[in-house]
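Colleague: Dropping a structure here in structure tokens format, bear with me for questions.
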Amino acid sequence: MSNLETLGFDGGKYAEVRATLAGAADPGLAQNTLLRLKDALGEGYGELRAQIRKDATLRTRLFALLGGSTALGDHLVAHPENWTLLAEDLPEPNDVMRTMLEAVDARPEQGSTANAERTAAGTYRAAEKFADGTEARAALRLAYRSLIMRFAAADLAGTYAVPRGAKAGHDGPQTQPMLGYRATTHMLTVCADAALTAALAVAMRVVYDDAEADAQLAVLAMGKCGAGELNYISDVDVIFVAEPANSNATKLASEFIRLGSACFFEVDANLRPEGKSGALVRTLDSHLAYYKRWAQTWEFQALLKARPMTGDMDLGHAYVDKLAPLVWEASQRDSFVDDIQAMRRRVLENVPKDMRHRELKLGHGGLRDVEFAVQLLQLVHGRFDESLRQRNTVLALEALMDGGYVGREDARQLIDAYGFLRLLEHRLQLQRFKRTHTLPANDDDTARRWLARAAGFTPGKRKSAVERMEETLRTFRKSVSDLHERLFYRPLLGAVVDLSVGEATLSADTVKAQLKALGYRHPARAYEHLSALVKGSSRKSKLQAILLPTLMNWLGDTADPGAGLLNYRKLSESAEDKSWFLRMLRDEGVVGQRLMHILGTSPYASDLIISAPDVVPLLGDGSNGPKLPDVAPDQAYKAILAATKRYEDPDKAVAVARSLRRADLARIASADLLGLMDVRRVCVELTWVWEAVLEAALRAEIRADLLASGEDAPKARIAVIGMGRLGGAELGYGSDADVMIVAEPAGGTDAVAESEAVSWAARIVDQMRTRLSKPSGDPPLEVDLGLRPEGRSGPVVRTIASYERYYRQWGEVWEKQALLRATNVAGDKQVGVAFLQAIDPFRYPAKGATKADIREIRRIKARVDDERLPRGADRATHTKLGRGALADVEWTVQLLTMMHAHNHPEMHNTSTLEVLDYLDELDDPEVIRGSQARTLRAAWLAATSARNALVLVSGKRTDQLPAPGPHLAQVAGSAGYDPDAQQQFLEDYLRTTRRAHQVVEEVFWGEVPSLEFD
């Protein structure tokens, strides 16, 4: 016999019942639970079956409940007589309160707002038989769960999925009115208020029995309960106020929490002053003193929802009235913006990245996004506009709409999106009556199908119920994801440009207040920039007004939105004659998003782009992805040489080289900031640019000299030898070009020819250096010859033989150490290669470094550590000379090279990173363990990244990380971190360099690591 036959639903007269049952979210579950209910009812099942056939409301509510909630189906089976409740009209708030209080035979306390009819919140006392609380728990749990069952059945019936092909009406499944988000959350809040009023009545009996109460206790609802928008399953946050706050008041509050948590839901008092560490119960004066002196911004945000719930309602209202002025002044706190950003960051950090697409509450485009944004606008504007002082999210959003703070269409879309997300949340919670906000996994077809049907989706002609639900969810999530643009920036631009026809617009002061809350440190200036960008009636001004809400939304996620807006204004003026600029921002959203990140993060990169706006198209995507990394380093090199060779005037040639260098630096810095280039490639690309400029400048000087003198050929062949980080192809944004110059006579080797050739080469090099170092708006081009033999006292140019003689006879250990980085970067390649071959015996001695050499290197390093660190610098965070930073790593690698390169030819390499790569692979404890090489490499990369970030945010070379604050936030943002995660950036840097310092102690100094700075 089938289930339907067992239930008595076979035969033609039950066709309507079978059709309705087929519409359950889980028809199989509904049938199985109904079978259990039949057994529980016994002979009484006949009456239920008759009513199912007769009463369409009962039928739909019952089947919706049994197919939509395992837990509430179990409750009905456990209390089968309660099926009759499903056919009745839903109880009104007074009925709910009376039901809960009658469950424990509660009576009103004298002088309380409680009444004899038991319809109002207040202080009651349960009957004497509930004095131990045990019997009360069962009575309270049954009454509460039965009420929830009734509302859930009506709620589920409102989204009951009528099967495809079935007609709704007299001969088909009956559709029920949809309760909707507002009615559902309101009645769930009413149930919670009534349940906790009854719990307080039992607590009164437990604590005082028949004695007169010696304290008045008010219970304030917070969070969703305070706002009247409670879920089916949610913690109910409360705060207690008592007069006096004596031991009995504390006992009363504690018993209240125990009863509420045992019978209904988790009752949480952790939003109280000082959280778990604070007193459970305080007087009103104590609360007031705390909020005036100690409270943080998030605590005032939480108070937006505070509502007297039960107990001494007069005391509860006094609490709200006294604290309200403090709540609405919170936006004037100095830390308001930083606190708000930190709170938003913590919300996201609480959700694993792989779960964010499934999180209805905390994920991107989720419920918390709407709630957080609405509360921020309330705190900013509610200070002056009392109409915004609404606890409920949707009511607050409507008030913001009516006040002109949010566009009407935008508000309506967000309200609909919020309601839909809450609908899905409620369906998920009802299934097993557990707290959850997580959608089923993508591969859980059964759970997703159940959710779609429970939410009212049926298959269409081309899409399944699940596909239709997911399409709706994507649409609403997109609407919520854009909410910062909708809620924050569109109204601002509407006020500035008066776009909101037929809607109220914000005043200038209101716009500035909102800009300040959104992270603009100088709101008056930001307002001025906005006004300048959209003023006038030209097509460009109108296009700017359309673009700016989106662009400002993206700027809002950067370290300095105000500076970003100023940079955008400058760039717009610089690109005034480029018709493609605004069109590209309009048509290619990724270009605008990437551009805003750069403009709000790096003054260095911003200035470069403002000077070279033709770089902006490279911010887009090509067929292979982002265009920025597609430009090969040698392509930029060849472009500079090709462009400069057309000019006979060296000034013009160098100017062209500067211009192309500017564009290349803008491209590299942009790719770096956007995470499209790693540190290695950034260093290599910066080196290529410097080499191209040196080559182009040298050729221009020689070309001009030959034209002026009438000579056919140069008198010398000149090679530019890169030293330091240039030689290692590891330049940073702020690096100079450390070089040495080698020259060989072009026409002979006699003394006169050699002297004349060297003199001519020196003049050419001096002219080149002077021309490159001329002041300009670009990053400086300093060519440093300080590493040449005899330093600044020695000749600028030498022949190979002269260099060889010097190093053999007078070269000191540190000078030979410097040669480890020497490589040919410009000029005559043959001369450069010959020079490198000549110096190889000095930098890579056949037997390696002597003990005396090693002692000398260590002595010099100790002196550098003591003398070179600037006064007042912090050795822990100095990216060059700090502990475990660049100098430590590079000196260690160079010492290892001097000691072991004669046995390991692969170490004949000018690159610190490439030597470390080899040592990692080698993993020879006689040289260095692979793990130690990896530690040094990680520290070098971290220090170089931080050092580059310092230049990106300051525009000048600096090595010291700033103290925590706005500047460090910018540095963190430039180094690839979220600006709000500056502390994490700093901790990562310190941890990485600390580990490297331990390796340096062991490998460079030959000591046991001290662990002093752990």
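Every read-out reported here was derived from the displayed coordinates using simple, explicitly stated rules and does not represent laboratory data. Not measured: the values here are computed from a predicted model. Because the Cβ atoms are built from the backbone with ideal geometry, glycine has one as well, and the counts that use them run over all protein chains shown.
Colleague: Mind checking the alpha-carbon convex hull of the range 844-1014 and giving the volume per residue in Å³?
Modeller: Convex hull of Cα atoms, per residue: 118 Å³.
Colleague: Relative to the compact globular guide of 2.2 N^0.38 Å, what is the alpha carbon radius of gyration of the range 919-1014, as a ratio?
Modeller: Rg over 2.2 N^0.38 Å, computed on Cα atoms: 1.23.
Colleague: Could you please rank Thr823, Thr879, placing first whichever residue has the fewest other Cβ atoms within 10 Å of its Cβ?
Modeller: Thr823, Thr879
Colleague: Note the per residue figure in Å³ for the convex hull of the C-alpha positions in the range 780-869. Intermediate results must be reported in sequence, preceding the final value.
Modeller: On the way: hull volume 11.2 nm³, N = 90.
Cα convex hull per residue, to the nearest whole number: 124 Å³.
Colleague: What are the residues whose amide H is under 5 Å from the amide H of Asn115, where those residues sit 5 or more places off or on another chain and H is modelled from the backbone?
Modeller: Ala120
Colleague: Continuing with this model, one more query. Tabulate in residue order the Karplus-calculated ³J(HN,Hα) for the range 688-702, using 6.51 cos²θ - 1.76 cosθ + 1.60 with θ = phi - 60°, rounded to whole Hz; enter x for Gly and Pro.
Modeller: Karplus-based 3J(HN,Hα) across the range 688-702 equals 4, 5, 4, 4, 5, 5, 4, 5, 5, 5, 5, 4, 5, 5, 5 Hz.
Colleague: What fraction of the Cα pairs in the range 25-138, stated in percent, has a spacing above 16 angstrom? Write down the numbers at each step before the final one.
Modeller: On the way: 4358 of 6441 pairs.
Counting every Cα pair in the range 25-138, those more than 16 Å apart make up 68 percent.
Colleague: Please rank His186, His597, His357, fewest neighbouring Cβ atoms within 10 Å first, as an exposure proxy.
Modeller: On the way: His186 17, His597 23, His357 14.
Placing the least packed residue first, the sequence is His357, His186, His597.
Colleague: With +1 on each Lys and Arg Cβ and -1 on each Asp and Glu Cβ, how big is the dipole of the range 844-1014 about its Cα centre, in debye rounded to the nearest 20?
Modeller: That gives a dipole near 660 debye.
Colleague: Right, something else. Residue-wise, which Karplus ³J(HN,Hα) couplings in Hz belong to the range 323-336, taking 6.51 cos²θ - 1.76 cosθ + 1.60, θ = phi - 60°, and x for glycine or proline?
Modeller: Rounded to whole hertz, the list is 8, 3, x, 5, 4, 7, 9, 4, 5, 8, 5, 4, 8, 4.
Colleague: Hey, any idea what the orientation-averaged projected area of the convex hull of the chain's Cα atoms comes to, in nm²?
Modeller: Over all viewing directions, the chain projects a mean Cα-hull area of 52.8 nm².
Colleague: Over the range 844-1014, what is the relative contact order in percent, taking alpha-carbon pairs closer than 8 angstrom and at least six residues apart?
Modeller: On the way: 212 pairs, mean separation 41.1, N = 171.
Computed value for the range 844-1014: 24 percent relative contact order.
Colleague: Also, I was wondering about something else. Can you flag which of Lys715/Lys861; Lys434/Lys463; Lys224/Lys276 are past 32 Å Cα-Cα?
Modeller: Numbers: Lys715/Lys861 41 Å; Lys434/Lys463 30 Å; Lys224/Lys276 20 Å.
Beyond 32 Å: Lys715/Lys861.
Colleague: Then there is this: Roughly what % antiparallel, to the nearest 5, for the DSSP beta bridges in the range 676-843?
Modeller: Beta bridges within the range 676-843, antiparallel portion: roughly 75 percent.
Colleague: Here's another thing I want to ask about it. Looking at the chain, what % of its DSSP beta bridges pair antiparallel, to the nearest 5?
Modeller: Of the beta bridges lying entirely in the chain, close to 80 percent run antiparallel.
Colleague: Which semi-axis lengths, in whole Å and largest first, follow from the square roots of five times the eigenvalues of the Cα gyration tensor of the range 611-697?
Modeller: Value: 24, 13, 11 Å, ordered largest first.
Colleague: Using unit Cβ charges (K, R positive; D, E negative) and no other charged atoms, how large, in debye to the nearest 20, is the dipole of the chain about its Cα centre? Numbers along the way, then the final one.
Modeller: Working: 128 positive and 138 negative charges, 305 e Å.
Charge dipole, the chain, about its Cα centre: 1460 debye, nearest 20.
Colleague: Also: Can you list, bin by bin at 5 Å, the percent of alpha carbon pairs in the range 203-278, starting at 0?
Modeller: All Cα pairs considered, the percentages come to 3, 15, 23, 26, 17, 11, 4, 0.
Colleague: Shifting gears a bit: Net charge within 15 Å of Lys276 by Cβ-Cβ distance, Lys/Arg positive one each and Asp/Glu negative one each, not counting Lys276 itself?
Modeller: Its environment carries a net charge of -4.
Colleague: Could you work out Rg/(2.2 N^0.38 Å) for the range 194-339, with Rg from alpha carbons only?
Modeller: 1.03
Colleague: Just to compare against my own numbers: the Cα pair-distance distribution for the range 89-327, 10 Å bins, whole % per bin, please.
Modeller: 8, 32, 32, 17, 7, 3, 1
Colleague: Excluding Ala938 itself, what net charge comes from residues whose Cβ is under 11 Å from its Cβ, given Lys and Arg +1 and Asp and Glu -1?
Modeller: Values: positive: Arg934, Arg937, Arg991, Arg995; negative: Asp920, Asp988.
Here the count lands on +2.
Colleague: For Lys13, Lys305, what ranking results if the residue with the fewest other Cβ atoms within 10 Å of its Cβ goes first?
Modeller: Lys13, Lys305
Colleague: So what is the calculated 222 nm ellipticity per residue for the chain, using -39500 (n - 2.57) for each DSSP H run with n of 4 or more, over all residues, to the nearest 500 deg cm²/dmol?
Modeller: Taken over the chain, the calculation gives -18500 deg cm²/dmol.
Colleague: Over 10 Å intervals from 0, what percent of Cα-Cα pairs in the range 676-843 sits in each interval?
Modeller: Per 10 Å bin, starting at 0, the Cα pair percentages come out as 10, 39, 35, 14, 2, 0.
Colleague: Compare the peptides 760-770, 436-446 by average per-residue count of other Cβ atoms within 10 angstrom and give them in order, highest first.
Modeller: 760-770, 436-446
Colleague: Does anyone have the angle between helix 800-809 and the longest principal axis of the chain? Alpha-carbon axes, 0 to 90°, nearest 10?
Modeller: In the chain, helix 800-809 runs at an angle near 80 degrees to the longest axis.
Colleague: Arg717's amide H: which non-local residues (gap 5+, or another chain) put their own amide H closer than 5 Å, with H modeled 1.01 Å from N in plane and none for Pro or chain starts?
Modeller: HN-HN under 5 Å from Arg717: Glu744, Ala746.
Colleague: Can you work out the Karplus-derived ³J(HN,Hα) for every residue in the range 581-595? Use 6.51 cos²θ - 1.76 cosθ + 1.60 with θ = phi - 60°, whole Hz, and x for glycine or proline.
Modeller: 4, 5, 4, 5, 5, 6, 8, 10, x, 5, 5, x, 5, 5, 5
Colleague: Considering Cα pairs under 8 angstrom that are at least six residues apart, work out the relative contact order of the chain and quote it in whole percent. Intermediate results must be reported in sequence, preceding the final value.
Modeller: Values: 1665 pairs, mean separation 70.0, N = 1014.
Relative contact order, the chain: 7 percent.
Colleague: Quick one: helix 56-68 against the long Cα principal axis of the chain, what's the angle to the nearest 10°, folded into 0 to 90?
Modeller: So the inclination is approximately 40 degrees.
Colleague: Moving on to the next point. Out of the DSSP beta bridges found with both residues in the range 89-327, what percent are antiparallel (nearest 5)?
Modeller: Of the beta bridges lying entirely in the range 89-327, close to 75 percent run antiparallel.
Colleague: If you don't mind, another one. Quick query: amide H of Gly620 versus all other amide H atoms, modeled in the peptide plane; which residues come in under 5 Å with a sequence gap of 5 or more or a different chain?
Modeller: Amide H neighbours of Gly620, under 5 Å, 5+ apart: Lys627.
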